[in-house]
Amino acid sequence: MTNRDALFEIIQRLDEFDDDDRSSPLVIYAQNGANAGRRSPALVCRRGEGSGPTCPLDPSMTEVLGVTQAREVIEVWSSWRGGDVPSPEDRFRAVLFYSQHGAFFPLESHQEGM
C-alpha cells in the first residue's frame, strides 16, 4: 500500500491506514494543506515528536487532518444524514470543510460549490 497519492484518493482510502498507535498518530499532509485541491499531491505519515512528521516532506506540504479525525468527520456526515453512505465527493468535501473550518459539514450548506 502506498501512502502517497492525490489528496482525493487518499481520502477515499482512509480505511486502509492502520492508526492504532495513539502516541504517533497518522496524519494526512498535502500541498497547500487545508487549501489543497483534489489533485494536490498528498501523503499519510506518522506525526513524530514535537508535532512534526516522521517522513520527509516537501516544504509545500502541510497538515490537512489526522486520519482518525478524518474518519470521524465522515462518520458524523453519515450520522447527520440518517446513515447515508457518502459519495467519494461527499467524503472529500466533508474532510476539507472540517480541515478549513474546524467544524462538521452542515446538513444544508452554502458551501456546496467547494
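Restricting attention to region 10-31, the residues that are more than 14 Å from Leu96 (Cβ to Cβ), in contact with a helix residue (DSSP H, G or I) (Cβ under 9 Å, 6 or more places away or on another chain) and at pLDDT 90 or above add up to 4. Quick one: what pairs do we get from region 62-77, first residue under 19 Å from Pro106 (Cα atoms), second charged (D, E, K, R), C-beta under 7 Å, 6+ apart or different chains? Within 7 Å, the pairs are Ile74/Arg91; Trp77/Asp90. Among the residues making up region 13-40, those that are more than 11 Å from Asn3 (Cα to Cα) and outside any loop (DSSP other than H, G, I, E, B) are Asp15, Ala30, Gln31, Gly33, Ala34, Asn35.
Residues that are at pLDDT 80 or above and acidic (Asp, Glu) were ranked within region 48-74; the one that is surrounded by the fewest Cβ atoms within 10 Å (Cβ to Cβ) is Glu72.
The values are calculated or read from the model by the stated rules, or taken from the named source; none is laboratory data. Not measured: the values here are computed from a predicted model. In this analysis, Cβ positions are derived from the backbone assuming ideal geometry, glycine residues included, and neighbour counts consider all displayed protein chains.
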